[in-house]
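Here is the structure we will look at, set down as structure tokens.
The values are calculated or read from the model by the stated rules, or taken from the named source; none is laboratory data. Predicted, not measured: the structure shown is a model, and the values here were computed from it. Quick reminder, even Gly has a Cβ in these numbers, built from the backbone with ideal geometry, and neighbours come from all protein chains shown.
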Amino acid sequence: MINIHECVSLKPYTVFKIGGPARYFCEIQNAEALQEAVRWAKAHTTPFVVLGSGSNVLVSDNGYPGLVIRLLMRDTEKISDEVLYVAAGASMATVAHFATTCGLGGFEWAIGIPGTIGGSIVGNAGCYGSEMKDVVQTITILECPIFNFQFSINESVSNDLNIENSLKIENGKLNIHETNNKDCNFSYRHSIFKDHPERIIIGAELKLFPRDSAESTALVREYSTKRTITQDIGSPCAGCIFKNPKNDKPGLSISAGQLIDAAGLKGMRVGGAMVSLKHGNFIINTGNATARDVKELISIIKSKVKSAHGVELEEEIRYIG
């Protein structure tokens, strides 16, 4: 049986430490509880949104007027010589470390991703030249028939109910099944799950390859050191705010962070929100930032980068509420 709590502040459950209360809130340990939570939302005619570690999201100061389902499914196991099964709520860093202990390589890069397996698959997270699409073999999902669904971060369901990435379910069976990598439509920071969030990720199989544990551990340390140098470790920060812009010139790659830095925006503040001095594509909560502060700073960054470089930055961060 799940416990549904009312009026729960979402600040402690996001890496940004920003956001108002969820009207309803529950934490889920397994697939059966997830199904129960979705059925509860249906019975109470309320929208819901799924939350992992709370990275790469910005919750409205007004909170979320529905049910927030926080995934705590974190099981990780080696199921064959080169394959791991990982639950959606397992952290990327934990799985990276686990893979090294299993003598498996190909996931060391994930040590620098501040999120969970589920969210990282949805956004095809990646760094150092690797992405989730390179390691995902199969994905187990809970499919929820829906109505009144909208995905765009720039639109709202109605004037009085601004719900981003949220679902209401219609009559229909909650179906748990597997899907393959080729059916996920992976592309840069995108997957089919962004277009169809009624497909909730429960877990995934990752196909890796044998590698000496000492070699893998050394790579994990190398990537961790790079992260410490280039990112504000320990500061409330949701990760990269913008996607890197598309570039039609072969061999030339310019990141969003480089464009922001070149526009002289490092250190810029709005209220308690500040562009990181280490990484231009990061916004830091200096202690009392609001979602409104962050949104205003994002708007300024986009405007100034467009003026300076003629490039329209697109948010990677997901808005809730």
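When Ser9 is tested against the conditions (1) out of contact with any Ser or Thr (no Cβ under 8 Å at 6 or more places or on another chain); (2) under 24 Å from Leu174 (Cβ atoms), the lone failure is (2).
With the requirement that a residue be assigned to a helix (DSSP H, G or I) and surrounded by fewer than 15 Cβ atoms within 10 Å (Cβ to Cβ), what does segment 193-212 give you? Hit for segment 193-212 is Asp195, nothing else. For segment 282-291, state whether one or more residues are of a type in the set (S, T, N, Q) and over 21 Å from the mean Cα position of the chain (by Cα). Yes; the residues of segment 282-291 include at least one that is of a type in the set (S, T, N, Q) and over 21 Å from the mean Cα position of the chain (by Cα).
Those residues that are farther than 16 Å from Ala93 by Cα, of a type in the set (D, E, K, R) and outside any loop (DSSP other than H, G, I, E, B), I need them from segment 48-77; list them, please. Write out each step before concluding.
Step one: list which residues in segment 48-77 are farther than 16 Å from Ala93 by Cα, which gives 48-51, 57-71.
With the extra rule that they be of a type in the set (D, E, K, R), the set shrinks to 61, 70.
The answer is Arg70, and nothing else.
Residue by residue through segment 90-105, note down the ones that are assigned to a helix (DSSP H, G or I) and among the polar types (S, T, N, Q).
Here is the first cut: in segment 90-105, the ones assigned to a helix (DSSP H, G or I) are 92-101.
Selection gives Thr94, Thr100, Thr101.
Quick check on my filter: what residues within segment 36-45 are crowded, with 18+ Cβ neighbours inside 10 Å and not β-branched (Val, Ile, Thr)? If you could, list the steps in order and put the result at the bottom.
Kept after step one, since they are crowded, with 18+ Cβ neighbours inside 10 Å, are these residues of segment 36-45: 37-38, 41-42.
Listed by number, the residues that qualify are Ala37, Ala41, Lys42.
Yes or no: segment 120-127 includes at least one residue that is buried (at least 23 other Cβ atoms within 10 Å of the Cβ), farther than 22 Å from Tyr188 by Cα and touching a strand residue (DSSP E or B) at 6+ places or on another chain (Cβ under 7 Å). If you could, list the steps in order and put the result at the bottom.
Here is the first cut: in segment 120-127, the ones buried (at least 23 other Cβ atoms within 10 Å of the Cβ) are 120-123, 125.
Filter once more, keeping what is farther than 22 Å from Tyr188 by Cα: none.
Checking segment 120-127: not a single residue is buried (at least 23 other Cβ atoms within 10 Å of the Cβ), farther than 22 Å from Tyr188 by Cα and touching a strand residue (DSSP E or B) at 6+ places or on another chain (Cβ under 7 Å).
Would you call Val305 closer than 20 Å to Gly115 by Cα and part of a helix (DSSP H, G or I)?
no
Remark: pairs (first residue in segment 127-146, closer than 24 Å to Ala37 by Cα; second residue of a type in the set (Lys, Arg) and assigned to a strand (DSSP E or B); Cβ separation under 8 Å; 6+ apart in sequence or on different chains) = Ile141/Arg199; Leu142/Arg199; Glu143/Arg199; Cys144/Arg199; Ile146/Lys168.
What is the residue count in segment 12-43 for residues that are assigned to a loop (DSSP other than H, G, I, E, B), free of Cβ contacts under 8 Å to residues at least 60 places away in the same chain and in contact with a Leu (Cβ under 8 Å, 6 or more places away or on another chain)? Residues that pass the stated criteria total 1. Just to be sure, is Lys266 in contact with a Lys or Arg (Cβ under 9 Å, 6 or more places away or on another chain), without any contact (Cβ under 8 Å) to a residue 40 or more places away in the chain and either in a helix (DSSP H, G or I) or not small (Gly, Ala, Ser) (or both)? Yes: the conditions hold for Lys266. Looking across segment 203-220, the residues that are small (Gly, Ala, Ser) and either over 21 Å from the mean Cα position of the chain (by Cα) or closer than 10 Å to Cys102 by Cβ (or both) come down to Ser213, Ala214, Ser216, Ala218.
Would you confirm whether or not segment 77-99 contains a residue that is more than 19 Å from His190 (Cα to Cα), touching a Phe, Trp or Tyr at 6+ places or on another chain (Cβ under 6 Å), hydrophobic (A, V, I, L, M, F, W, C) and buried (at least 24 other Cβ atoms within 10 Å of the Cβ)? Yes, segment 77-99 contains at least one residue that is more than 19 Å from His190 (Cα to Cα), touching a Phe, Trp or Tyr at 6+ places or on another chain (Cβ under 6 Å), hydrophobic (A, V, I, L, M, F, W, C) and buried (at least 24 other Cβ atoms within 10 Å of the Cβ). Just to be sure before I move on: is Gly251 surrounded by fewer than 14 Cβ atoms within 10 Å (Cβ to Cβ), modelled with pLDDT of 95 or more and not in a helix (DSSP H, G or I) in the structure I sent? Taking the combined requirement at face value, the residue does not satisfy it.
Would a scan of segment 1-8 turn up a residue that is surrounded by 24 or more Cβ atoms within 10 Å (Cβ to Cβ) and either modelled with pLDDT of 95 or more or in a strand (DSSP E or B) (or both)? Checked segment 1-8: no residue is surrounded by 24 or more Cβ atoms within 10 Å (Cβ to Cβ) and either modelled with pLDDT of 95 or more or in a strand (DSSP E or B) (or both). Scanning segment 278-306 for residues that are within 15 Å of Ala262 (Cβ to Cβ) and either surrounded by 18 or more Cβ atoms within 10 Å (Cβ to Cβ) or in contact (Cβ under 8 Å) with a residue 12 or more places away in the chain (or both) yields His279, Gly280, Asn281, Ile301, Lys302, Lys304, Val305.
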